[in-house]
Amino acid sequence: MNNPIGIFDSGVGGLTVAREVFKLLPQEDVVYFGDVGRYPYGGRSKDIITKFTNQDILFLLEHKVKFIICACNSASSVALDDISGNYEIPIIGVIKPGAIAAIEKTRNDRIGVIGTVATINSNAYARIIHKERPDIKVFSLACPLFVPLAEEGYIEKKATYLIAQDYLQTMRDVNIDTLILGCTHYPLLKNVIEDVMGDSVTLIDSGEETAREAYKILMEKSMINSAASQQPVPEGEHKFFVSDVPEKFTQVASRFLGRPVDRVTRVDISGY
Ligand code: DGL
């Protein structure tokens, strides 16, 4: 099936998920929507996030996508379960793949989750972990300052270390061996978080796990783009849309995606 894959997020952060999708599924055309005009989602209510998520999905459907990845942890955790069944194409979020990977990794059955306030308050990671393994102890912590730090490029600055040390002290105290990076922006701060948590803690990148899940589903459902069988595999077309002026998105995008983006189009999302 040669229709594009749709990926959406509250803004630029979902490009950390898109980056993993581009690696695993290079032949796929991708339509990315970043809701920069209404970013951030992480401190908003369930009602508002659900409304935005529906609109983001409707926008992508207009581009005839065959499959949708909700790259935003906040939207995945508070909205997706309630609405994904209303659509005819498969829609996945980032929570389940990250939670399952953490269950597979932990040896001491103590898992930490960090994310936005919306993600942590929803308890979505803990719910999935406990459905599979009620005996696992889950420790959750909102780290809202990590989002602007990553977005502003405060990647390995002293201030970022100090904030990470302060936030993560409680995680260090509870002897976890696995920590889920439950937010699109946190993979950018991986080195800092790794340094603060120490070698004995494995970090789980939900974006990476979600790309693997997307690959698996597309294979199982025979929905892979037919270009995958060509040698060499041609690279799919990637289109980027945002809900406000594209300048900031374009500036920050290469930090999240690992390469610059061109052709970013502004759309009016309020009409969806
Ligand atoms: N993309 C969001 C998430 O993964 C972080 C930014 C926001 O709060 O919108 O939860």
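Summary of computed values
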quantity: Mean-position separation - Cα centroids, the stretch 234-272 and the stretch 105-130, in angstrom; calculated: 30 Å
quantity: Förster radius 35 Å - calculated FRET efficiency between residue 220 and residue 58 (Cβ-Cβ, nearest 0.05); calculated: 0.85
quantity: Apportionment of accessible area to carbon and sulfur, the chain, percent (1.4 Å); calculated: 49 percent
quantity: Extension reserve of the residue 51-residue 161 stretch, reckoned as 0.36 nm per residue once the Cα distance is removed; calculated: 36.0 nm
quantity: Given charges at beta-carbon only (K, R positive; D, E negative), |dipole| of the chain in Debye; calculated: 140 debye
quantity: Helical contribution to [θ] at 222 nm, DSSP H n ≥ 4, -39,500 (n - 2.57), averaged over the chain, rounded to 500; calculated: -13000 deg cm²/dmol
quantity: Mean separation of Cα contacts under 8 Å (6+ apart) over length of the chain, as relative contact order %; calculated: 28 percent
quantity: Label-zone membership for the stretch 139-166, site residue 109, 7 angstrom Cα→C-beta point, backbone N under 20 Å; calculated: 139-140
quantity: Potential lengthening between residue 259 and residue 24 on full extension [0.36 nm per residue; Cα-Cα distance subtracted]; calculated: 83.0 nm
quantity: q = 0.07, 0.11 Å⁻¹, the chain: log10 I(q)/I(0) [Debye, one scatterer per Cα]; calculated: -0.23, -0.58
quantity: Surface accessible to a 1.4 Å probe, residue 223 within the full protein complex, Å²; calculated: 20 Å²
quantity: Overall form of the stretch 1-65 per C-alpha gyration tensor (a/c, 1.5; a/b vs b/c); calculated: oblate
quantity: Whichever lysines have a C-alpha closer than 18 Å to that of residue 66, once near sequence neighbours (fewer than 8 apart) are set aside; calculated: 216, 221, 239
quantity: Cleavage-rule hits (chymotrypsin sites (Phe, Trp or Tyr not before Pro)) in the stretch 149-210: DSSP loop, at most 12 neighbouring Cβ within 10 angstrom; calculated: none
quantity: When the stretch 117-272 is reduced to its Cα atoms, the Kirkwood hydrodynamic radius in Å; calculated: 18.5 Å
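The values are calculated or read from the model by the stated rules, or taken from the named source; none is laboratory data. None of these values were measured; they are calculated from a predicted model. Cβ coordinates were reconstructed from backbone atoms using ideal geometry, including for glycine residues, and neighbour counts include every protein chain displayed. SASA here: full protein model, heavy atoms, side chains in, ligands and nucleic acids out. Shrake-Rupley method; radii C 1.70, N 1.55, O 1.52, S 1.80 Å.
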